[in-house]
Structures are given as C-alpha cells and as structure tokens.
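Take a look at the structure set out below.
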Amino acid sequence: MLPASLRFFGPRRQDYLPGLLDHYRPVARGMALLNEALKHVLEKRPDKGFRVLVSETDILEAEADKVKRRIRNHLPPGFLMVVDKTLFLDYTRRQDDILNAVQEAVTWLYLAPFDVPPPLAEATRLCVEEAATTVALLQAALTEAVNFILRGKGERGTVKARMQDIRTQHLKVVKAKRGLIAAAYASDMEFARVYQVIRFVEYVYRASHSAENCADLLRAMLAR
C-alpha cells in the first residue's frame, strides 16, 4: 500500500477501487438468480418463468462487462495506483468469473429436465446455498479492503479476517460438492441425469472458488 500522501494523487483516484463494488452488484444478483433458478426446476414450475431467469443472467453479464470495461478504460498510470495494477486487473477477471460460472450452471439446469430424487435435491440446494454464502461474504471483504486501502479506515487484521471467512466458507462448498457427486453416482438415476448434476455442481463450485480467488487477490493488494 502506498503512503497516505499518495492515496489521493491523481484525478481518477476515486473511480477504480470503488468501481469493484459496482461490478460486484450484478455478480451478487446473478448468484441470487441461480438460487431462484434451481428452486424453479426442482419445483417443476412452468418453463416460461425459467426462461425469464436465464435471460436475466445474460442481462447481468452484459451489465457486469460494461462496468468492467468502464473501470479498465479509466485506470490511472500504474505508478499512481494505490494497488498493483496487475493484481487489480486480475481481480476484475476473477470477480467476473463468478458470474460466468453462474451462467454455465444455469445452462446445465436448462439443457434437460433436472429430475433428481428428494435427497439429491436437498443436497443440491445446500451446495448452492453454501456457494452463495461464499459470494456474499466477498462483499464485506471487498468493502473493508477498499476503505482501508483508499481511505485508511479500519484495521488490517479485521480486513484479513474477512478474507479468511471466505476461505473457510469455500471449504464447506468443497465438502458439499464432493458429497453431492458421491450421492449422484450412488443413485439409481440414469447416467445423463448423473452427468447433468455433476456438471451443474462443478460450476457452482467454480463460482465459490472464484470468490476465494478474489479474497486471495485482496490479501495480496493489502500486502503491497
């Protein structure tokens, strides 16, 4: 982190770090839509409503890309940035990966009827909820990191603890993913359904893993 005297150097100092929070909002909304989409298919509601959810995820992806381009196109020179420019650009990509994974997960729900027995349905709900919690925890970590790096607010230890919360939560997703895959293979479902479940949960896992990657990059920004 640069000295306090340099934090306010440059006319665009307020744009790029708070812009990460602007980019996070459609990402978080996308994760919420994934939860809604899963409930929709498990409750076997009319297909029209599900198609609306699919189109909404595409709209959110376009919105997130627009924010990302705005941030990247208005970055100050690297030597004026309060964080490493490479780390910053990598963070925007990793945060975007969350929404990309959500889109792919929704696609696997849409490809064929998601017919799973009740125990597997409950395990799938749990996995998505755990991943959604990982993504939700990123908001607090990002907000506190931006405030600390840009404005010197808060304590470094508190910010680091937020990041550790994300890593701990992601381990729950790993456990839920492994349990769900094992249960799918042990079920009496036809292989096409087993494969659909596995592919779906893999992208749910990737969304959580990308949030963990974001936490690691925030930690690296703090170390500068």
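The values are calculated or read from the model by the stated rules, or taken from the named source; none is laboratory data. No experiment lies behind these values; they were computed from the predicted model shown. Virtual Cβ from ideal backbone geometry, glycine too; neighbours counted across all protein chains shown. Heavy atoms of the whole protein, side chains included, go into the accessibility calculation; ligands, DNA and RNA do not. Shrake-Rupley method; radii C 1.70, N 1.55, O 1.52, S 1.80 Å.
Of THR57, THR168, the order by accessible heavy-atom surface (1.4 Å probe, DNA, RNA and ligands excluded), from most exposed downward, is THR168, THR57. At a threshold of 8 angstrom on Cα-Cα distance, excluding pairs fewer than six apart, so keeping six or more, what relative contact order does the chain reach in percent? This gives 31 percent for the chain.
The charge dipole of region 75-224, taken about the Cα centre with unit charges on the Cβ atoms of Lys, Arg (+1) and Asp, Glu (-1), comes to about 640 debye, rounded to the nearest 20. When Rg and the Kirkwood radius Rh are both evaluated on Cα atoms of region 33-77, their ratio Rg/Rh stands at 1.28.
Of the residues LEU111, GLY78, LEU99, the one whose Cα sits farthest towards the positive end of the charge dipole of the chain is GLY78 (charges of +1 on Lys and Arg Cβ, -1 on Asp and Glu Cβ, taken about the Cα centre). Just so you know, the Cα atoms of region 133-224 work out to an Rg and Dmax of 17.0, 57 Å.
Counting 0.36 nm for each residue step from ALA32 to LEU222 and taking away their Cα separation leaves a gain of 65.5 nm. Shape class for region 41-115, computed from the alpha carbon gyration tensor (a ≥ b ≥ c): prolate, with a/c not under 1.5 and a/b above b/c. Remark: spin-label model distance ALA112-ASP188 equals 1.9 nm, labels positioned 7 Å along the Cα→Cβ axis. Identify which of GLY30, GLY19, GLY49 has the largest mean-square fluctuation in a Gaussian network model of the chain, with springs joining Cα atoms closer than 10 Å. Highest fluctuation of the listed residues: GLY49. For the chain, the Kirkwood estimate of hydrodynamic radius, built from reciprocal distances between every pair of different alpha carbons, is 18.4 Å.
Taking VAL116, VAL67, VAL52 in turn, the Gaussian network model of the chain (Cα-Cα springs below 10 Å) assigns the largest fluctuation to VAL52.
In this simple spin-label approximation, THR158 and ALA62 carry label points 7 Å from Cα along the Cα→Cβ vector, and these lie 4.0 nm apart.
When shorter helices are ignored and each DSSP H run of at least 4 residues is given -39500 (n - 2.57), the per-residue value for the chain at 222 nm works out to -28500 deg cm²/dmol. On the beta carbon distance between ARG167 and LYS85, with R0 = 22 Å, the FRET formula returns roughly 0.35. Taking all protein chains as they are arranged and a probe of 1.4 Å, the heavy atoms of GLU155 leave approximately 130 Å² accessible to solvent. Computed from Cα atoms, the angle from the helix 191-223 axis to the main principal axis of the chain rounds to 10 degrees.
Comparing LYS172, LYS85, LYS153 in a Gaussian network model of the chain, where Cα atoms under 10 Å apart are tied by springs, the biggest mean-square fluctuation is seen for LYS153. Using a ≥ b ≥ c from the Cα gyration tensor of region 146-185 (square roots of the eigenvalues), is it rounded, prolate or oblate, where a/c under 1.5 gives rounded and otherwise the larger of a/b and b/c decides, a/b for prolate? Note, shape of region 146-185 comes out prolate. For region 82-133, the C-alpha radius of gyration divided by 2.2 N^0.38 Å, with N the number of residues, is 1.62.
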